[in-house]
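The values are calculated or read from the model by the stated rules, or taken from the named source; none is laboratory data. If you're wondering where the values come from, they're calculated on a predicted model, not measured in any experiment. All Cβ positions, even for glycine, are placed from backbone atoms using ideal geometry, and neighbour counts span all protein chains on display.
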Amino acid sequence: MTRANIDVESLSLNLEVVMGKKNAILWFAAVVGFMVVATILSRNRGMSSYAADAPAGSKPDEIAALKGEVARLKGMVTDQSHVMADVGYHYTNLWFAGQNENWPLAQFYLDETRSHLKWAVRIIPIRKDREQREVDLGAILDAMEQTSLKDLDQSVKSKDKAKSLSD
């Protein structure tokens with residue numbers, strides 16, 4: 001036993017002697033309950049004070065600070081070109097996995113390719129072409145998923161090397 005354990009045990013024995021075992025347990029439960037209630041109330045009080053401090057209309061400097069924070073966070077987010085570079089990497093590895101008939105690895109890289117294509121669309125769902133017309137990347141991805149990616153998925157699942165490497 002460590003010194004801390006001995007002290008706790010002796011304290012426990014002292015409480016039992018002074019208050020009786022049943023009263024000691026009730027006292028201990030009351031203290032723990034009080035601590036839990038105090039913690040909950042202090043957290044709620046902190047939350048309600050934020051809501052009470054906020055005025056009905058937002059302050060201009062708060063809006064400016066939030067805009068600055070949004071701009072800073074946008075600078076930290078991965079851009080679409082980085083995600084598309086990953087797509088190229090995954091698609092290349094998919095080809096090599098199919099070439100070597102490593103079908104679990106091919107399935108992994110096919111799934112990664114799909115995931116990163118969806119990520120790229122989430123980053124910039126609509127782009128503009130040279131004539132400033134909107135191009136819906138989500139619609140293009142949907143078409144790819146229904147045609148070439150679906151065919152590729154079937155060839156990987158059927159372990160068809162010739163079909164998976166042909167297109």
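Summary table below
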{"item": "Test: W119 is surrounded by 13 or more Cβ atoms within 10 Å (Cβ to Cβ), farther than 23 Å from D79 by Cβ and hydrophobic (A, V, I, L, M, F, W, C)", "result": "no"}
{"item": "Any hit, segment 63-71, residues being surrounded by 12 or more Cβ atoms within 10 Å (Cβ to Cβ) and part of a helix (DSSP H, G or I)", "result": "no"}
{"item": "Residues that are in a helix (DSSP H, G or I), under 18 Å from Q80 (Cα atoms) and among the charged types (D, E, K, R), drawn from segment 112-148", "result": "E112, R114, K118, R122, D142"}
{"item": "Check on D111, out of contact with any strand residue (DSSP E or B) (no Cβ under 9 Å at 6 or more places or on another chain) and modelled with pLDDT under 95", "result": "no"}
{"item": "Cross-chain or 6+ apart pairs with Cβ under 7 Å, segment 85-109 first and within 13 Å of K159 (Cβ to Cβ), then at pLDDT 95 or above and not aliphatic (A, V, I, L, M)", "result": "A97/Y109"}
{"item": "So P104, is it loosely packed, with under 10 Cβ neighbours inside 10 Å, over 27 Å from L137 (Cβ atoms), modelled with pLDDT of 90 or more and not hydroxyl-bearing (S, T, Y)", "result": "yes"}
{"item": "Search result, residues across segment 84-100 that are polar (S, T, N, Q) and in contact with a helix residue (DSSP H, G or I) (Cβ under 7 Å, 6 or more places away or on another chain)", "result": "N93, Q99"}
